[in-house]
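J.: Next up is a structure, given as structure tokens.
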Amino acid sequence: MQQPHPANPLLIIPARAQPRHVGVIGAGTIGPDIAYYLLGAVPGLRVTLIDIRQAAVDAALARLAEYRDKAVARGKLSAGAAQGLLAGLAGGTDYDALASCDWVLEAATEDLALKRRIFADVEARVGAAAAITSNTSSLPAARIFADLAHPERATVTHFFAPAWRNPAVEVIAWERSDPALVAWLRHFFCATGKLPLVTADAPCFMLDRVFDNWCNEAALLLGDATANEIDTVATEFVHAGPFFVLNLAHGNPIIVETNTLQADEEGEHYRPAPVLRSVERWNVGAKTEVAGEQRARIRDRLLGVLLSQTVDILDRGIGDAADLDLGCRTALGFKRGPLELMRTLGDAEVTRLLARFAAERAGMPVAQRALAAYQPATSHILVDEVAAEGSSLVVVITLRRPEAMNSLHDAMTDEILAAIRARQADPAVAGFVITGYGTKAFCSGADIGRFPSLLGHADAAAQYARDCSRLLVHLDAMAKPVVAALNGIALGGGFELAMRCHGIVAQRGAWMQLPEITLGILPGIGALAVPYRRWPQAAPVFHAMLARAERLKAAQAHELGIVDALADDPAALMKAAVARVRALSGRVERIAEGAIAVPAFEAGPAVAADGRVVSAEVVALIAAGVRDAAAATTLADALEIGYRAFGATACTAAGREGIAAFLAKRQPDFGQTG
């Protein structure tokens, strides 16, 4: 289905205020987890947990206290924050406690009649303006809320386990829901660290159609393969096989329930595998070898059901293609989304897989269009238009890879570049804003990409840096302004992107860092040259950022003239960004050409700001690169010096150690590398 606009939820002007009192009905597994997320997301929030059994409520409250205490023990939560985290939490069995709620969220058993009784009790108690939502994985909103007097204020919000940590939430846009309610939920979830995905009101919605049928197909394969063999083959595509996940979530009854619903609604081919009713736990986990025809059979069947559900979801408008890919990665643990897999496999292989699956599983959906028609226009960015002044528009490009803190990779870079090229000559467009999705990160840097394969090859690594600079070089030459709106951290390549924009605005809590030195490398796509030419007064700060990975807070960057304006919230940030575009219209300044004066780096130990030893050899490469780039008579020559310095780090022992440590998820040891 088409995503309601604006595509970036934080561009929505919400029609409702932030909730002050939320009721959560159901003290089983997911209800308390939702309550814990809400308490951590909204300071001062009251949450009332209701269940028919006081013992269940008491157990849930104790569990949330355990969550809090574990977070403190692991350093995820400060003692001060922990003290007030559960202060607003109460629980009981009396529905009258919900009377003052401005949002009631039900997370009880997947029983339609029960849910209808619950919502009748809720509507009899809450105010006319209160929002009402159900956490269901399969039951359509039109059936759950059919008897409400005011169904327009109700919809489904489908969380994924564990709800306090998994970012995905499906928000259902059904025929009687108020679009303003759906918009408010999208804004609220995004502003509190979630990933809202809007879907149509079909049984099992979007992501459960993928997950449930993936698991059911695995169970149907058990006549030809063991659970362990199936899980082993599945890990080519997912981080954990279907039977491992079913064990983790005690999920067999869920698959029986949801696939029975789909079978009753859409045909017998969805009927759950009988074995799911008789097995409580699957024997998986041991390493096993699966080769030859057996691997091919399992692989084809798993890919077949994944692709079949993908084309069906998109043919029926249940969800958006980019959302489907992102949701499969974030909510379901797929390594790549199904649309990305389709691109990788190629049309001929996808056609073969769908044909084989249709032959083996009569009745299952097949593609109704050319395969290319299923691909999203963009997979990693959102594009919106915001009114600027008069009839002019500002195009807002949002980097959306929340699972990677909006880090750059080749596909995202190409999408940003294409979006700018498509509109830069449009007379109605005053300029562009680039921002990050959510509230945590503008852009956490650039993916490591092909760099590990380039270690030991200076020329190839330098060329890689040139290739990665294609967007930045385009920005350098633009006549229309591009403003970076830092909604959170900007690290490495993310800060290098921001500094090539023509203006920067930031939320007060944002900060910038060039952490490459802690990996035994240096930032190679402009940071050795550009900041010194744009903000020469801040040269000592950039020295410290490059050689010591020191953080630069937004307030200090504003004092230094690096950041043009500060904002207190997302709405103010976008207002400041649009104003900056207007101010720069027709007055875009080019990065300085010619040689410039830059102070020398101070001699001292090679130590990062956090006390870690870094590579003295790479610090020397940074200092030489900055010196030589400053002496260059053109910006192009200065950038080229940075590319070659990056290439040189590929041939250092420190570079090899830093990248090896990064890939192994350990701290690098530069004590022996120099």
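The values are calculated or read from the model by the stated rules, or taken from the named source; none is laboratory data. These figures come from a predicted structure and were not determined experimentally. Positions of Cβ are backbone-derived with ideal geometry, glycine not excepted, and every protein chain shown enters the neighbour counts. All accessible areas refer to the heavy atoms of the entire protein, side chains included, with ligands and DNA or RNA removed. Shrake-Rupley method; radii C 1.70, N 1.55, O 1.52, S 1.80 Å.
J.: Restricting attention to the stretch 94-136, which residues are of a type in the set (S, T, N, Q) and farther than 26 Å from I254 by Cα?
T.: From the stretch 94-136, those of a type in the set (S, T, N, Q) are 100, 109, 133-136; that's our starting set.
Within the stretch 94-136, S100 is the sole residue that qualifies.
J.: Being open to solvent by 50 Å² or more (accessible area, probe 1.4 Å), among the charged types (D, E, K, R) and either in a loop (DSSP other than H, G, I, E, B) or farther than 16 Å from R46 by Cα (or both) is the filter here, so list the residues in the stretch 77-103 that pass it.
T.: Once the filter is applied, which keeps residues that are open to solvent by 50 Å² or more (accessible area, probe 1.4 Å), among the charged types (D, E, K, R) and either in a loop (DSSP other than H, G, I, E, B) or farther than 16 Å from R46 by Cα (or both), the stretch 77-103 yields only D94.
J.: Quick check on the stretch 17-34. Is at least one of its residues assigned to a loop (DSSP other than H, G, I, E, B), at pLDDT below 95 and open to solvent by less than 50 Å² (accessible area, probe 1.4 Å)?
T.: Within the stretch 17-34, one or more residues are assigned to a loop (DSSP other than H, G, I, E, B), at pLDDT below 95 and open to solvent by less than 50 Å² (accessible area, probe 1.4 Å).
J.: Name every residue in the stretch 270-307 that is within 30 Å of L371 (Cα to Cα), open to solvent by 10 Å² or more (accessible area, probe 1.4 Å) and small (G, A, S), in order of residue number.
T.: Matches in the stretch 270-307: A291, G292, A296.
J.: Could you grab me the full set of residues in the stretch 362-383 that are of a type outside the set (A, V, I, L, M) and open to solvent by 10 Å² or more (accessible area, probe 1.4 Å)?
T.: Step one: of the stretch 362-383, the residues of a type outside the set (A, V, I, L, M) are 363, 365, 368-369, 374-376, 378-380.
Correct list: G363, P365, Q368, R369, Q375, P376, T378, S379, H380.
J.: Hey, any hits in the stretch 200-222 for a residue that's at pLDDT below 95, surrounded by fewer than 20 Cβ atoms within 10 Å (Cβ to Cβ) and not β-branched (V, I, T)?
T.: Looking only at the stretch 200-222, we keep the residues that are at pLDDT below 95, and these are none.
There is no residue in the stretch 200-222 that is at pLDDT below 95, surrounded by fewer than 20 Cβ atoms within 10 Å (Cβ to Cβ) and not β-branched (V, I, T).
J.: Out of all the residues in the stretch 387-415, which are in contact with a helix residue (DSSP H, G or I) (Cβ under 6 Å, 6 or more places away or on another chain) and either touching a residue at least 40 places away in the same chain (Cβ under 8 Å) or among the basic types (K, R) (or both)? Explain how you work it out, then say what you get.
T.: Step one: of the stretch 387-415, the residues in contact with a helix residue (DSSP H, G or I) (Cβ under 6 Å, 6 or more places away or on another chain) are 388-389, 394-395, 397, 403, 408, 413.
Residues satisfying the conditions are A388, E389, V394, E403, L408, T413.
J.: Further question: Looking at D637, is it open to solvent by 70 Å² or more (accessible area, probe 1.4 Å), more than 18 Å from G456 (Cα to Cα) and touching a helix residue (DSSP H, G or I) at 6+ places or on another chain (Cβ under 7 Å)? Break it down into steps so the answer makes sense when it comes.
T.: Working: open to solvent by 70 Å² or more (accessible area, probe 1.4 Å): yes; more than 18 Å from G456 (Cα to Cα): yes; touching a helix residue (DSSP H, G or I) at 6+ places or on another chain (Cβ under 7 Å): no.
For D637, the condition - open to solvent by 70 Å² or more (accessible area, probe 1.4 Å), more than 18 Å from G456 (Cα to Cα) and touching a helix residue (DSSP H, G or I) at 6+ places or on another chain (Cβ under 7 Å) - is not met.
J.: Considering (1) part of a loop (DSSP other than H, G, I, E, B); (2) at pLDDT 95 or above; (3) surrounded by 19 or more Cβ atoms within 10 Å (Cβ to Cβ), say which one T310 fails and leave the rest.
T.: The failed condition is (1).
J.: I'd like to know if the stretch 530-546 contains one or more residues that are outside any helix (DSSP H, G or I), crowded, with 16+ Cβ neighbours inside 10 Å and either under 26 Å from the mean Cα position of the chain (by Cα) or modelled with pLDDT under 95 (or both). Quick ask: steps written out before the conclusion?
T.: Our first condition is that a residue be outside any helix (DSSP H, G or I); within the stretch 530-546, this holds for 535.
From the residues that got through so far, the ones that are crowded, with 16+ Cβ neighbours inside 10 Å too are 535.
So of that shortlist, the ones also either under 26 Å from the mean Cα position of the chain (by Cα) or modelled with pLDDT under 95 (or both) come out as none.
Scanning the stretch 530-546, I find no residue that is outside any helix (DSSP H, G or I), crowded, with 16+ Cβ neighbours inside 10 Å and either under 26 Å from the mean Cα position of the chain (by Cα) or modelled with pLDDT under 95 (or both), so the answer is no.
J.: Within the stretch 125-166, track down each residue that is crowded, with 21+ Cβ neighbours inside 10 Å, within 23 Å of the chain's Cα centre (by Cα) and closer than 22 Å to H21 by Cα.
T.: N135, T136, V156, T157, H158, F159, A163
J.: A follow-up question, please. Looking only at strands (runs of 3 or more DSSP E) that lie completely in the stretch 124-225, which have at least 2 residues being out of contact with any Phe, Trp or Tyr (no Cβ under 8 Å at 6 or more places or on another chain) and β-branched (V, I, T)? Explain how you work it out, then say what you get.
T.: Working: elements: 131-134, 154-159, 168-172, 195-199.
Strands (runs of 3 or more DSSP E) meeting the threshold: none at all.
J.: Taking the stated definitions as given, is A359 over 17 Å from the mean Cα position of the chain (by Cα) and surrounded by fewer than 16 Cβ atoms within 10 Å (Cβ to Cβ)?
T.: Answer is yes for this residue.
J.: Output the number of the condition that A428 fails; it satisfies all remaining conditions of (1) under 26 Å from D568 (Cβ atoms); (2) surrounded by fewer than 18 Cβ atoms within 10 Å (Cβ to Cβ); (3) in contact with a strand residue (DSSP E or B) (Cβ under 6 Å, 6 or more places away or on another chain).
T.: A428 satisfies every listed condition except (1).
J.: List pairs: first residue in the stretch 519-530 and more than 16 Å from L471 (Cα to Cα) and free of Cβ contacts under 8 Å to residues at least 24 places away in the same chain, second residue open to solvent by less than 10 Å² (accessible area, probe 1.4 Å) and outside any loop (DSSP other than H, G, I, E, B) anywhere in the structure, Cβ distance under 9 angstrom, at least six positions apart or on different chains.
T.: none
J.: Any residue at all in the stretch 652-659 that's of a type in the set (A, V, I, L, M), touching a residue at least 40 places away in the same chain (Cβ under 8 Å) and open to solvent by 70 Å² or more (accessible area, probe 1.4 Å)?
T.: Checked the stretch 652-659: no residue is of a type in the set (A, V, I, L, M), touching a residue at least 40 places away in the same chain (Cβ under 8 Å) and open to solvent by 70 Å² or more (accessible area, probe 1.4 Å).
J.: Anything in the stretch 572-596 that is closer than 20 Å to P536 by Cα and either among the hydrophobic types (A, V, I, L, M, F, W, C) or crowded, with 16+ Cβ neighbours inside 10 Å (or both)? List them, or say none.
T.: Hits for the stretch 572-596 are V588, I591, A592, A595, I596.
J.: A further question follows. Say we look at the stretch 104-124 and pick out the residues that are touching a Ser or Thr at 6+ places or on another chain (Cβ under 7 Å) and open to solvent by less than 40 Å² (accessible area, probe 1.4 Å); which of these is nearest to A141 (Cα to Cα)?
T.: Let us first name the residues in the stretch 104-124 that are touching a Ser or Thr at 6+ places or on another chain (Cβ under 7 Å), namely 105-106, 110, 115.
Checking which are open to solvent by less than 40 Å² (accessible area, probe 1.4 Å) leaves us with 105-106, 115.
On the way: L105: 13, E106: 12, K115: 11 Å.
The extreme case among them is K115.
J.: I'm checking my understanding of the structure. Among residues of the stretch 42-57 that are open to solvent by 30 Å² or more (accessible area, probe 1.4 Å) and within 29 Å of the chain's Cα centre (by Cα), which one is farthest from L89 (Cα to Cα)? Step through it out loud before you land on a result.
T.: Looking only at the stretch 42-57, we keep the residues that are open to solvent by 30 Å² or more (accessible area, probe 1.4 Å), and these are 43-44, 46, 52-55.
Of the ones still in play, those that are also within 29 Å of the chain's Cα centre (by Cα) are 43-44, 46.
Working: P43: 12, G44: 10, R46: 6 Å.
Per the stated criteria, the residue is P43.
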